[in-house]
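A short write-up of the structure that comes next.
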Amino acid sequence: MNNILYWAPCLDKVATITAVLSSAKSIKKYYSKIYKVSILNILGEWNDHYTKKIDYIIQKYIKFQF
């Protein structure tokens, strides 16, 4: 099974939240035998938008090295 991860750091209330959730739900509904869909919740940006239909990967801190 392939994984699809959404990383959409939505810190403002814009249409991106609805677009990401709708896209993730659609892929899960129609292609669940092929893909596992998850949304990365790195900065807590999805805390207010949880739905049981989508898996969330919670990461409280990621260290980036340049």
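Results, tabulated for the structure shown:
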| quantity | calculated |
| --- | --- |
| Of residues in the range 5-22 being assigned to a helix (DSSP H, G or I) and over 9 Å from the mean Cα position of the chain (by Cα), the one surrounded by the most Cβ atoms within 10 Å (Cβ to Cβ) | 17 |
| Every residue from the range 23-43 that is surrounded by 11 or more Cβ atoms within 10 Å (Cβ to Cβ) and either of a type in the set (S, T, N, Q) or outside any helix (DSSP H, G or I) (or both) | 23, 26, 32, 35, 36, 37, 38, 39, 40, 41, 42, 43 |
| Residues located in the range 44-58, provided they are loosely packed, with under 12 Cβ neighbours inside 10 Å, of a type outside the set (A, V, I, L, M, F, W, C) and not in a loop (DSSP other than H, G, I, E, B) | 47, 48 |
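Coordinate-derived values only; no laboratory data. As the structure is a prediction and not an experimental result, all values here were calculated from the model. Cβ sites come from the backbone with ideal geometry, for glycine too, and all protein chains shown count toward neighbours.
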